[in-house]
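For reference, the structure discussed in these notes is given below.
The values are calculated or read from the model by the stated rules, or taken from the named source; none is laboratory data. Everything quoted here is computed from the prediction, not taken from an experiment. Cβ: placed from backbone, ideal geometry, glycine included. Neighbour counts: every protein chain shown.
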Amino acid sequence: MRIYFDHNATTPLDPAVADAVAAALRDDFGNPSSVHHFGQRAKRLVDDARAALAALIGAEPSEVIFTSGGTEADNLALRGAADVLAGQGRRHLIASAIEHEAVLNTLQALQRHGSRVTLLPVDAHGIVSPDDLRAAIDDETCLVSVMHANNEIGTIQPVAELAAIAHDHGALFHTDAVQSVGKVPVDVETLGVDLLSLSAHKFNGPKGVGALWLRRGVRLSPTQTGGRHERSRRAGTENVPALVGMGVAARTAVDRLASTATPLTVLRGRLEDGILGVVSGTTVNGAREPRVPNTSNISFESVEAESLLIGLDLDGIAVSTGSACSSGTLEPSHVLRAMGLPHHRVQSSIRFSLGLGNTDLEVDRTIAVLPGIVGRLRDLTRASTRSRPAASGAGR
Ligand SMILES: Cc1ncc(COP(=O)(O)O)c(C=O)c1O
């Protein structure tokens, strides 16, 4: 039995999406920019995907810019807005300290080119304080970027309140909604944002395709120049089959949203309560509410997270030690560190992220095997601590 609890890294392709992608690959090779029959057929598919995606986030289709995924959408939002607003003397960007690397590393690049960057702290629950934003924002701030849901702990930020503060100071507001779209209702008007990033592979669509939503009237410099695709905001011939797949995934997500949030919350609760009940020294990291319904980040005292991940994998259970980009590098999670967690808790944290198709049976199996794996790892830690020679004190 193989169990997949790593849906925040990526999700399995919905079979209806796979069928639609295969059909488009096979039957619709036209270039959507061509005026003849083949081109117009492909263009209809692209328009259809745009309408489906817009409906998922309560937007107008003309406001959707297709990209190669969440990373590119974040880059386009930050670099594109920074470039336009630098001309108006606004060269200050603000983001939270727990953003995804797609935002944090883009900000670092902008900083090297003369922008000023402020990172907002988060509290022990992983939440940004509106007061901290009020204190950091000034007349030179061009853009504030705070993610909707965090990829490691799942907590949801008070985006509408933060966006209102940004607007009071004449700044734009961007939210990276890669981890919330498809998991909770996301409506651009309710959130009150100006730019929003999303990625298809996080809601059972294909990898390598996503979008940036840009409120009508907001100006953006393209980061990728060339032809006049995407209303001259992102050049390059459209990846028609991937867009078709994202469109089907978006439609399916709209239909499923009403029904999946509650069952996933119940399943996550069963997993969390079960683990905390059978494994001593366990703590849930981050605010329990508001949180996307699928994510649970848990510290296992005196256990090295990487070893636990491998132990679970050997038992057929796939989890993660944080964001997929930083796992494998043994880099301690910048999210948990920003929350002020002590080093030993940061190093012992595992992310469980559930999704469509996960069952009670899978959760129960995980709860059943965890005490044995954790117990063995703790025994090993104790044994290695005992066998270590006592420190002499020399050279300290
Ligand atoms: C919050 C967040 N933003 C951006 C990304 C990057 O998206 P993509 O994989 O589509 O480039 C991810 C992916 O893990 C993410 O979790």
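Could you list all residues from region 187-207 that are hydrophobic (A, V, I, L, M, F, W, C) and near the ligand (Cβ under 9 Å from one of its atoms)?
Leu198, Ala200
Please pick out the residue among Gly226, Gly217 that is under 17 Å from Pro61 (Cβ atoms), in a loop (DSSP other than H, G, I, E, B), assigned by TED's automatic domain parsing to the domain that holds Leu56 and free of Cβ contacts under 8 Å to residues at least 40 places away in the same chain.
None of the others qualify; the one that does is Gly217.
Could you run through region 346-366 and say how many residues are modelled with pLDDT of 95 or more and surrounded by fewer than 18 Cβ atoms within 10 Å (Cβ to Cβ)?
Adding up the residues that qualify gives 5.
Taking region 160-185 on its own, how many of its residues are out of contact with any Pro (no Cβ under 8 Å at 6 or more places or on another chain) and away from the ligand (no atom under 13 Å from the Cβ)?
12
Which one of Ile94, Ile65 is farther than 30 Å from Ala52 by Cβ and buried (at least 16 other Cβ atoms within 10 Å of the Cβ)?
None of the other options fit; the residue is Ile94.
Residues in region 160-176: is at least one assigned to a helix (DSSP H, G or I), more than 22 Å from Asp131 (Cα to Cα) and among the acidic types (Asp, Glu)?
Checking region 160-176: not a single residue is assigned to a helix (DSSP H, G or I), more than 22 Å from Asp131 (Cα to Cα) and among the acidic types (Asp, Glu).
Return a yes/no flag: does region 30-48 have any residue that is away from the ligand (no atom under 16 Å from the Cβ), at pLDDT 95 or above and under 30 Å from Ala318 (Cα atoms).
no
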